[in-house]
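Working notes, beginning with the structure itself.
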Amino acid sequence: MGDVGDVFREMTKYKKAKRADNTTKSTQLLEDRGILFESKNDGAHLIVASRGYPSLVADFWPSTGKWIVRENGGKGRGVFPLLKKLGYTDNS
């Protein structure tokens, strides 16, 4: 029978795999839509350009989905809310 340590180790493995999957899928989505971004720290941090607002840039951490818009301080989570904030539509 397992103990609490076993549960913790399994949960840690699951969360690590989930963050890796989030990074892969979010980055691929940006690439597939032709959205300009700069990758830092081996893809752990992306700097995403906006559409139509040249000075509007967001820092995005795809593993967790966290993003912060530099100019106005907007922040949130998720790649789709980020794209909406930066002026991209579902058709982008």
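Every read-out reported here was derived from the displayed coordinates using simple, explicitly stated rules and does not represent laboratory data. Given the structure is predicted, the values throughout are model-derived calculations rather than measurements. Cβ placement follows ideal geometry from the backbone for every residue including glycine, while neighbour counts extend to all protein chains displayed.
Structure notes:
- Qualifying positions in the range 49-75 - assigned to a strand (DSSP E or B) and under 10 Å from the mean Cα position of the chain (by Cα): 59, 60, 61, 66, 67
Okay, residues lined up against (1) touching a residue at least 12 places away in the same chain (Cβ under 8 Å); (2) surrounded by 14 or more Cβ atoms within 10 Å (Cβ to Cβ):
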| site | (1), (2) |
| --- | --- |
| 29 | yes, yes |
| 51 | yes, yes |
| 66 | no, yes |
| 71 | yes, no |
| 77 | yes, no |
| 82 | yes, yes |
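- Residues located in the range 28-48, provided they are more than 22 Å from residue 15 (Cβ to Cβ) and not in a strand (DSSP E or B): 30, 31, 32, 33, 34, 35, 36
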